[in-house]
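Asks: Got a structure here, written out as structure tokens. Questions coming.
The values are calculated or read from the model by the stated rules, or taken from the named source; none is laboratory data. Values in this document were obtained by computation on a predicted structure and should not be read as measured data. We place every Cβ from the backbone using ideal geometry, glycine too, and count neighbours over all the protein chains shown.
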Amino acid sequence: MKYITEADLRDLYRTTPFTTYETEPGTRLTPGARQFLGDRGIRVPDESISSKRYGDNGTSETASGGKAADEKTSDETALNEKADGKKKLQNRLKSARALFLETGLQFKEHDVLLAQRIFVMERCLAGLSEEAETCLLPCQACSGIGPDNFSEEMEDCFEITAFHVQSDRGLDLIRLHRLRCLLRELGPYVEQELGDGKKRELHQVINGLSQLICQLFGGNTCQKKE
């Protein structure tokens, strides 16, 4: 019996959204997968019971034993699903950290201070994986972002377009914007697997990148649109 987990469905849905999901023979949905489909109103028309509730003699004792075994398997699968989801997130965070390190090295060739700030942010991403470690990224307040909202989810200060990337620091802008987009994609997974506290730490890094983007394009003038 193959179990389809929430992570499997989430990856499939992100690639190709669907409104109906048909289980294949020999497969079964985990509780987390059922919840994922139910939350999105996705129908499962052909889902069938993959194990018999009654034995050959049709006794209720056999049915009770089969139900208990199914519940135990479901609980174990749910635990494995949780562990798999956290492991996938850890791997994604490692990839993000590698990109931050690469970007920091690129900046170091012409802007040492900017490179140092990127390296500090990479350390904050590393701290997301450590339950006991808390990252408090320094907030350099501007007119749009300050200590009161530095840990909150915020929209981009302005949309990055061809106009911006053709400026003197255009290549640096797009590098920072790419890092910010990557972290925004990770946001829902961080909240789901690591909790609200770690999500707020991630928002600090995202908002810190937004501030750097504003500084590169507008100098000391905040570019955030009200």
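Asks: Would region 130-145 turn up any residue that is within 26 Å of GLU102 (Cβ to Cβ) and either modelled with pLDDT of 90 or more or out of contact with any helix residue (DSSP H, G or I) (no Cβ under 9 Å at 6 or more places or on another chain) (or both)?
Replies: yes
Asks: Please verify whether region 34-53 includes one or more residues that are modelled with pLDDT under 85, farther than 30 Å from ILE174 by Cα, touching a strand residue (DSSP E or B) at 6+ places or on another chain (Cβ under 7 Å) and polar (S, T, N, Q).
Replies: Checking region 34-53: at least one residue is modelled with pLDDT under 85, farther than 30 Å from ILE174 by Cα, touching a strand residue (DSSP E or B) at 6+ places or on another chain (Cβ under 7 Å) and polar (S, T, N, Q).
Asks: Looking at region 1-18 only, could you name the residues that are exposed (fewer than 15 other Cβ atoms within 10 Å of the Cβ), assigned to a helix (DSSP H, G or I) and among the charged types (D, E, K, R)?
Replies: Within region 1-18, ASP11, ARG14 qualify.
Asks: I would also like to ask the following. Of the residues ILE213, ILE160, ILE118, which is more than 30 Å from GLN35 (Cα to Cα), modelled with pLDDT under 90 and touching a helix residue (DSSP H, G or I) at 6+ places or on another chain (Cβ under 6 Å)?
Replies: ILE160
Asks: Report yes if PHE150 is hydrophobic (A, V, I, L, M, F, W, C) and more than 18 Å from LYS199 (Cα to Cα), otherwise no.
Replies: no
Asks: Still on this structure, please answer the following. Report the residue count in region 23-48 for those that are in contact (Cβ under 8 Å) with a residue 12 or more places away in the chain and exposed (fewer than 11 other Cβ atoms within 10 Å of the Cβ).
Replies: 4
Asks: Could you tell me whether region 119-132 includes any residue that is over 26 Å from ARG92 (Cβ atoms) and of a type outside the set (Asp, Glu)?
Replies: Within region 119-132 (the criterion being over 26 Å from ARG92 (Cβ atoms) and of a type outside the set (Asp, Glu)), the answer is no, since none of the residues qualifies.
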